[in-house]
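Engineer: The structure under discussion is supplied below as structure tokens; questions concerning it will follow.
The values are calculated or read from the model by the stated rules, or taken from the named source; none is laboratory data. All of these numbers come straight from a predicted model, not from anything done at the bench. All Cβ positions, glycine included, derive from the backbone under ideal geometry; neighbour counts span all protein chains shown. For accessibility, only protein heavy atoms count, side chains too; no ligands or nucleic acids. Shrake-Rupley method; radii C 1.70, N 1.55, O 1.52, S 1.80 Å.
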Amino acid sequence: MHHLSDAEIAAIKDESARAYELDRAHVFHSWSAQQKLDPMTVSRAQGSYVYDGQGQPFLDFSSQLVNTNIGHQHPKVVQAIKDQADLLCTISPAHVNAARSEAARLITDRTPAGLDHVFFTNGGADANEHAIRMARLHTGKHKVLSRYRSYHGGTQTAINVTGDPRRWANDLGDSGVVHFFGPFLYRSEFNATTEAEETERALRHLERTIELEGPPTIAAIVLETIPGTAGIMVPSKEYLQGVRALCDKYDIMYIADEVMAGFGRTGRWFAFDHFDVVPDLVTFAKGVNSGYVPLGGVIMSDAIYDTFAQRPYPGGLTYSGHPLACAAAVATMKAMEEEGMIEHAARLGEEIVGPRLREIAEKSKHVGEVRGVGMFWAVELVWDKETREPLAPYGGSSPELASVVGQMKEHGVIPFSNFNRIHVVPPINISEEDLEKGLGVTEKVLTDLDFSR
């Protein structure tokens with residue numbers, strides 16, 4: 001963590017005050033009632049820390065939107081962007097570009113055989129849009145199945161595929177999307193008492209949904225390998241293998257949404273690597289270059305590539321495979337490899353985060369469950385451990401949850417929160433010292449909680 005001088009702090013305060021004033025006058029924010037906002041100004045960032053408008057450091061336990069996987073301002077990635085800017089800032093996607101070619105090679109080097117081609121997008125939402133379009137054109141079918149408790153992006157098809165309340169205001173019911181219940185033992189829809197029962201019953205429910213919707217109408221099943229914002233519910237290996245088998249049985253494309261879970265977040269290059277499955281299409285964004293320059297993409301099977309070998313694919317983007325974004329991706333993947341970040345995330349998740357969060361759950365009156373893998377963990381906050389009633393309603397917040405977030409920020413830690421959960425999702429290369437510091441704050445805040453009605 002860089003300590004700022006008095007002069008630096010004075011300059012930060014001046015520029016931040018102006019930035020805040022202009023933001024409130026002119027910037028329209030995502031997912032928000034505009035006049036109820038009092039957003040935090042971030043003036044600088046370094047490693048696992050961001051600095052507010054007063055120059056105060058905060059440990060970033062959110063990785064922003066779970067995308068700054070290698071932390072802020074990684075010198076190798078910043079330098080790669082500078083070098084690429086000197087060489088070539090932008091180019092039409094119709095032309096070959098060295099940064100794009102190398103990014104595609106490095107990405108497909110990390111996927112199973114037969115997933116060898118990448119279509120680059122600007123982010124995760126349009127990656128899912130294009131994956132669905134490819135699946136529909138490849139199969140000649142239209143419907144898409146996705147699970148409740150999921151998030152796939154804010155564009156039109158992606159928001160309709162989403163299975164959380166952000167869909168509701170944008171859903172006219174004519175998008176060809178059908179939702180189903182995925183496995184989530186803690187809040188089982190299937191009266192299951194064991195993981196094996198939950199898996200078996202969730203797969204039976206999915207197969208019945210396929211049968212009743214009509215296999216000849218279904219192009220794809222879209223699944224976050226491990227749902228992210230929706231709650232980091234890690235499925236069993238048997239569940240995802242069962243989904244793959246159902247897709248094969250009914251000639252349905254399996255789209256793995258790896259936008260949040262991919263590129264080291266779970267302690268593997270891709271989350272599906274944990275489950276011994278090979279999807280037909282894989283969508284990615286976020287961690288591929290830690291969001292330093294917007295980038296996403298679709299990795300496709302040979303069969304889908306072959307569909308468009310002789311006929312044009314009807315889709316494209318001005319910034320597909322943007323050189324600055326791809327140069328950042330190349331540098332990010334190399335840094336992850338050279339610095340052993342993915343192994344680091346796996347080890348810290350297993351040896352430190354998991355045990356510590358389970359300890360916190362034992363000691364806290366309001367922690368119902370903790371779950372996760374790598375640097376990807378959720379803490380389920382409840383009114384009562386017996387009833388499991390969420391501390392905030394599904395689709396909303398509560399004063400209690402807001403107080404948890406507020407207390408963590410008062411102790412210098414920015415958490416990621418959604419509904420009744422906080423997520424422990426720091427950069428995958430966080431130091432053990434900073435991880436322990438953040439977990440210490442998490443423990444203090446959560447074990448001191450004593451809400452009653």
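Engineer: Of the conditions (1) open to solvent by less than 20 Å² (accessible area, probe 1.4 Å); (2) assigned to a loop (DSSP other than H, G, I, E, B); (3) touching a Phe, Trp or Tyr at 6+ places or on another chain (Cβ under 9 Å), Gly153 clears all except one; give me its number.
Structural biologist: (3)
Engineer: Specify the residue that is nearest to the chain's Cα centre (by Cα); the eligible residues are those in segment 239-265 that are open to solvent by 10 Å² or more (accessible area, probe 1.4 Å) and either of a type in the set (A, V, I, L, M, F, W, C) or closer than 29 Å to Phe416 by Cβ (or both).
Structural biologist: Across segment 239-265, the extreme among qualifying residues is Met260.
Engineer: Only one residue in Arg149, Arg166 is of a type in the set (Lys, Arg) and at negative phi, so which one is that?
Structural biologist: Unique residue meeting the criteria: Arg166.
Engineer: Looking at segment 181-206 only, could you name the residues that are assigned to a helix (DSSP H, G or I) and either buried (at least 17 other Cβ atoms within 10 Å of the Cβ) or of a type in the set (A, V, I, L, M) (or both)?
Structural biologist: Leu185, Ala196, Glu198, Thr199, Glu200, Arg201, Ala202, Leu203, Leu206
Engineer: Right, next: Here is a list: Ile299, Ile352. Which entry is of a type in the set (Val, Ile, Thr), modelled with pLDDT of 95 or more and surrounded by fewer than 23 Cβ atoms within 10 Å (Cβ to Cβ)?
Structural biologist: Checking each option against the conditions leaves just Ile352.
Engineer: Could you say whether any residue in segment 56-76 is open to solvent by 10 Å² or more (accessible area, probe 1.4 Å) and among the small types (Gly, Ala, Ser)?
Structural biologist: no
Engineer: Condition (residue is closer than 18 Å to Lys141 by Cβ, charged (D, E, K, R), open to solvent by 10 Å² or more (accessible area, probe 1.4 Å) and out of contact with any Ser or Thr (no Cβ under 6 Å at 6 or more places or on another chain)) applied to segment 224-237: is it met by at least one residue?
Structural biologist: There is no residue in segment 224-237 that is closer than 18 Å to Lys141 by Cβ, charged (D, E, K, R), open to solvent by 10 Å² or more (accessible area, probe 1.4 Å) and out of contact with any Ser or Thr (no Cβ under 6 Å at 6 or more places or on another chain).
Engineer: When you scan segment 121-133, do you find a residue that is assigned to a strand (DSSP E or B) and modelled with pLDDT of 95 or more, even just one?
Structural biologist: Yes, segment 121-133 contains a residue that is assigned to a strand (DSSP E or B) and modelled with pLDDT of 95 or more.
Engineer: Which residues, taken from segment 135-189, are among the acidic types (Asp, Glu) and free of Cβ contacts under 8 Å to residues at least 24 places away in the same chain?
Structural biologist: Asp171, Asp174, Glu189
Engineer: Quick one: would you say Glu343 is touching a residue at least 40 places away in the same chain (Cβ under 8 Å), farther than 16 Å from Arg421 by Cβ, of a type in the set (D, E, K, R) and touching a Gly at 6+ places or on another chain (Cβ under 8 Å)?
Structural biologist: yes
Engineer: Filter segment 355-371 for residues that are within 17 Å of Glu436 (Cβ to Cβ), open to solvent by 10 Å² or more (accessible area, probe 1.4 Å) and not charged (D, E, K, R) and give the result.
Structural biologist: Once the filter is applied, which keeps residues that are within 17 Å of Glu436 (Cβ to Cβ), open to solvent by 10 Å² or more (accessible area, probe 1.4 Å) and not charged (D, E, K, R), segment 355-371 yields Pro355, Val370.
Engineer: Please find, among Pro112, Pro39, Pro93, the residue that is under 30 Å from Pro215 (Cα atoms), in a loop (DSSP other than H, G, I, E, B), in contact with a helix residue (DSSP H, G or I) (Cβ under 9 Å, 6 or more places away or on another chain) and not β-branched (Val, Ile, Thr).
Structural biologist: Answer to the selection: Pro112.
Engineer: Here is a follow-up. Has segment 309-320 got at least one residue that is within 20 Å of the chain's Cα centre (by Cα), surrounded by 17 or more Cβ atoms within 10 Å (Cβ to Cβ) and more than 22 Å from Ser62 (Cβ to Cβ)?
Structural biologist: So far as segment 309-320 goes, no, none of its residues is within 20 Å of the chain's Cα centre (by Cα), surrounded by 17 or more Cβ atoms within 10 Å (Cβ to Cβ) and more than 22 Å from Ser62 (Cβ to Cβ).
Engineer: For segment 28-55, name all the residues that are surrounded by 12 or more Cβ atoms within 10 Å (Cβ to Cβ), over 22 Å from Gly340 (Cβ atoms) and of a type in the set (Phe, Trp, Tyr).
Structural biologist: Answer for segment 28-55, where residues must be surrounded by 12 or more Cβ atoms within 10 Å (Cβ to Cβ), over 22 Å from Gly340 (Cβ atoms) and of a type in the set (Phe, Trp, Tyr): just Tyr51.
Engineer: Of all residues being open to solvent by 20 Å² or more (accessible area, probe 1.4 Å) and not in a helix (DSSP H, G or I) in segment 156-175, which is farthest from Thr229 (Cα to Cα)? Just the residue, please.
Structural biologist: So, considering only residues that are open to solvent by 20 Å² or more (accessible area, probe 1.4 Å) and not in a helix (DSSP H, G or I), the one farthest from Thr229 (Cα to Cα) is Asp174.
Engineer: Additional query: Of the residues Lys444, Lys437, Lys409, which single one is within 20 Å of Met40 (Cα to Cα), modelled with pLDDT of 95 or more and either among the basic types (Lys, Arg) or open to solvent by 50 Å² or more (accessible area, probe 1.4 Å) (or both)?
Structural biologist: When all the criteria are applied, what remains is Lys409.
Engineer: Of these, Ala85, Ala10, Ala103, Ala99, which one is open to solvent by less than 70 Å² (accessible area, probe 1.4 Å), in contact (Cβ under 8 Å) with a residue 40 or more places away in the chain, out of contact with any strand residue (DSSP E or B) (no Cβ under 8 Å at 6 or more places or on another chain) and within 30 Å of Ile414 (Cβ to Cβ)?
Structural biologist: After ruling out the rest, the residue left standing is Ala85.
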